[in-house]
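Report on the following structure.
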Amino acid sequence: MPLGSLSKKKLTVPALAAAAALALAGCNAGAGAEPGAAEGEAQTDIVVALTGEPVNLDFTTTAGAAIPQALMSNVYEGLVEVDQEGEIQPLLAESWEQSEDRKDYTFKLREGVTFSNGEAFDAEDVKFSIERVQSDAWVSGMKAKMDIVDKVTVESPTSVTVSLKQPSNAWLFNMTTLVGAMFDPSGVEDLANEAIGTGPFSLESWTRGDSIKFAARDDYWGTAPKVQNATLRYFGDAVATTNALRSGDVDVVYNMQAPELVNSFQSDDAFQVLEGTSNGEIVLSMNNKAAPFDDVRVRQAVMHAIDRQAVVDTAWNGLGTVVGGPVPPTDPYYEDLNGVYPYDPEKAKSLLKEAGVENLDITFTVPTRPYASAISEIVVSQLSDVGINATIETAEFPAVWLDKVFTQHDYQMSVVLAVEARDVLTMFNNPDYYLGFDNEAIAPLAAEADRADEDGYVEGMQEVVRTIVDEAGADTLFIFPNVVVAKAGVTGIPENSVTEALDLTDIGWQ
């Protein structure tokens, strides 16, 4: 679904037997109601259910989408942000100007902004934050997005110029992601456990294995949040989240992980169901540096062996977009590449025979996420049909999977939801990334596209993506939908998941 074309609609999801798990008692007063609040009294709390909690709070050294999902937009902010339509908007910067040679960005900063520890935000913090990404303090692979920065010059407390080594189409958008987060120099000593930012909320508490609680800041520079307290509660599985919604323990289930359970909410006026767009790709990962997937023919065989639409229909009830490449329709250089690897089991068998690996045995390392469990079963079945015998090895997510697969690259095949915006170069333009894709063919193409004009950028990045697909760097099974189920009275829910962040600012009660 393209950006801007969604609606608050009922989903036509077939009811499955699993819906029986929702046969619980009716709703109570609700998580959003303050204890003892009189009927009609304004509700000031919101509780959002999620699956997959962060292992710590430091996205500068730790991979995983759960950290920025919780903290970006809520605690940390950048100079710019992406709105629900995918457009770049000012945030901590009131405005910016670009030089004629497209290499210098001069930002005018908002006045009166403070961090949650009381320190004032100014141009020195911008310089500190950008240079810190370029330093050894940042370990996350996302830091490469700041390599293009040549220098940061403080013009005044409210003006800063960022000079690039060369023109870049991608850099300003990258500043809307976690690498653009602004930090206070005195607030980075214990990022794994503390979060100090300029955002609308302060971190009140983090209970490992359970929840993260935020409190609205009285001194926030912008529009105040709609609630005084916001809580993210983490559940081990999707059924538990919907059970919690039915019982009144939570108010919103965001990024629903059990589409087969949605049907039971559709006819209940106590709830609302939203379907938005997402930039998240379900990626069937093949370790390009490890046998047997170091042979492009084997990777191409997998591409032909998988019926991607059948995966969506079987594992996710048809809620997902099949695109054929590692780029969602929300990206400016998207094109439909489904025709490159049509479902063709005989072609897959032929490629395996050519590679000399018929009756191939592999290990399929599957993270403990609902989507991964559902998808892995149909993938294993389809691979078996062409002579690839995949044995599922379960890896607890996030800790074990991140360590074993993402960090140590100790795997053959895996599957994961990649949610970072415009992440194709993060995944494929770094041979040390866990996919192990050899970027020699695309690195010069990507660099040329980045410094080209707007049309050249789109054309160049499309060539980059086609090259990746031709080399079968990974199989993008489908684009993940953003399905939300919430109590009927909740308003301001972000329908589109277009960044890593789950922005809680506008969520409130009617």
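Some notes on this structure:
- Region 366-442 and region 171-242: distance between their alpha carbon centers, rounded to Å: 28
- In straight-distance terms, cross-link reach from K289 covers every one of the aspartates and glutamates whose alpha-carbon lies under 12 Å from its own, apart from those fewer than eight places away in the same chain; here that gives D410, D432, D438.
- Its relative contact order, with pairs defined as Cα atoms under 8 Å and 6+ residues apart, puts region 306-426 at 26 percent.
- Charge dipole of region 215-325 about the Cα centre (unit charges at C-beta), most positive-ward option of A238, A310, L274: A310
- Of the solvent-accessible surface of the chain, computed with a 1.4 Å probe over protein heavy atoms with every protein chain present, carbon and sulfur atoms account for 45 percent.
- Pairs from the table (K103/K404; K151/K404; K103/K143; K143/K353; K143/K347) lying more than 31 angstrom apart at Cα are K103/K404; K151/K404; K143/K353; K143/K347.
- Looking at region 164-233, the trypsin sites (Lys or Arg not before Pro) that sit in a DSSP loop and have at most 15 other Cβ atoms within 10 Å of their own Cβ are K165, R208.
- Of the whole protein surface, E440 contributes about 140 Å² of accessible area at a 1.4 Å probe radius.
- Per residue accessible area of the chain, 1.4 Å probe, in Å²: 39
- Ratio Rg/Rh [Cα only; Rh per Kirkwood] for region 432-510: 1.17
- Cα centre as origin, Lys/Arg/Asp/Glu Cβ charges: the chain dipole, Debye: 980
- Per residue, the average separation of C-alpha pairs within less than 8 Å and at least 6 apart gives the chain a relative contact order of 22 percent.
- Within straight-line cross-link reach of K213, lysines at Cα separation under 18 Å, skipping those fewer than 8 residues along the same chain: K226
- The listed residues S267, S381, once ranked by accessible area (1.4 Å probe) with the largest placed first, stand as S267, S381.
The values are calculated or read from the model by the stated rules, or taken from the named source; none is laboratory data. Just so you know, these numbers come straight off a predicted model, no measurement behind them. Please note: Cβ atoms are built from the backbone with ideal geometry, for glycine as well, and neighbour counts cover all protein chains shown. Protein only, heavy atoms only, side chains kept; ligands, DNA and RNA dropped before computing areas. Shrake-Rupley method; radii C 1.70, N 1.55, O 1.52, S 1.80 Å.
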